[in-house]
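Working notes, structure below.
The values are calculated or read from the model by the stated rules, or taken from the named source; none is laboratory data. Since this is a predicted model, take the numbers as computed values, not measurements. Neighbour counts are summed over all protein chains in view; Cβ atoms, including those assigned to glycine, are modelled from backbone coordinates with ideal geometry.
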Amino acid sequence: MSIVYFEDVEVGQKWVKSITYQVKKEEIIEFARRWDPRYFHVDPKAAVSSVFGGLVACSAHIFSILSWFGTHGERRTASMAALGFDDLHMRHPVRPDDTLSCSLTYLEKRESRSKPDRGILRTAASLSNQKNIEVFSAVIIAMIAKRPQ
């Protein structure tokens with residue numbers, strides 16, 4: 001796995017993670033039972049009568065999948081801490097057996113004013129399903145390490 005340090009980041013650079021994540025029906029139900037037990041997340045039969053027309057993953061679950069992409073794959077940012085998330089948007093329902101991919105675009109970077117070993121990075125993140133339909137987007141603000149001396 002390669003690590004992307006602050007110095008490696010080029011604003012405007014876009015990349016797609018080489019891995020994917022398949023969302024299973026059982027996972028949707030299990031996650032929602034604990035965190036968001038609405039009928040269209042936990043009951044496949046009742047979900048048919050919802051505005052979604054079937055079972056869908058809850059937003060917290062989808063956000064968690066975005067976080068999963070941050071720590072898996074061939075390349076990751078040397079993130080020290082998440083500082084915030086802006087512009088979170090649920091673009092399209094995530095359904096059982098959807099296969100999600102993640103793309104990232106570096107929007108802005110600046111050096112830390114108080115800590116010379118790090119910087120702040122704003123990144124646009126997007127999850128898309130197997131039909132190339134964007135299902136979720138967010139802007140991630142993170143503290144990122146500079147390359148060790």
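Could you tell me whether the range 94-104 includes any residue that is within 30 Å of Gln149 (Cβ to Cβ), touching a Ser or Thr at 6+ places or on another chain (Cβ under 6 Å) and either at pLDDT below 95 or surrounded by 18 or more Cβ atoms within 10 Å (Cβ to Cβ) (or both)?
Restricting attention to the range 94-104, the residues satisfying the condition of being within 30 Å of Gln149 (Cβ to Cβ) are 104.
Narrowing the set further to residues that are touching a Ser or Thr at 6+ places or on another chain (Cβ under 6 Å) leaves 104.
Imposing the further condition that a residue be either at pLDDT below 95 or surrounded by 18 or more Cβ atoms within 10 Å (Cβ to Cβ) (or both) reduces the set to 104.
Yes, the range 94-104 contains at least one residue that is within 30 Å of Gln149 (Cβ to Cβ), touching a Ser or Thr at 6+ places or on another chain (Cβ under 6 Å) and either at pLDDT below 95 or surrounded by 18 or more Cβ atoms within 10 Å (Cβ to Cβ) (or both).
Can you pull out every residue in the range 58-79 that is surrounded by 15 or more Cβ atoms within 10 Å (Cβ to Cβ), touching a strand residue (DSSP E or B) at 6+ places or on another chain (Cβ under 9 Å) and of a type outside the set (Ser, Thr, Tyr)?
Answer for the range 58-79, where residues must be surrounded by 15 or more Cβ atoms within 10 Å (Cβ to Cβ), touching a strand residue (DSSP E or B) at 6+ places or on another chain (Cβ under 9 Å) and of a type outside the set (Ser, Thr, Tyr): Ile62, Phe63, Ile65, Leu66, Phe69, Gly70, Gly73, Arg76, Ala78.
Could you tell me whether Ala60 is farther than 30 Å from Leu83 by Cα and not in a loop (DSSP other than H, G, I, E, B)?
Taking the combined requirement at face value, the residue does not satisfy it.
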| Looking at the range 113-149, which of its residues are surrounded by 15 or more Cβ atoms within 10 Å (Cβ to Cβ) and over 27 Å from Cys58 (Cα atoms)? | Arg118, Gly119, Ile120, Leu121, Met143, Ile144, Ala145, Lys146
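Yes or no: Val139 aliphatic (A, V, I, L, M), modelled with pLDDT of 95 or more, under 22 Å from Lys25 (Cα atoms) and assigned to a strand (DSSP E or B)? Let's see the steps before the verdict.
On the way: aliphatic (A, V, I, L, M): yes; modelled with pLDDT of 95 or more: yes; under 22 Å from Lys25 (Cα atoms): no; assigned to a strand (DSSP E or B): yes.
In short, no.
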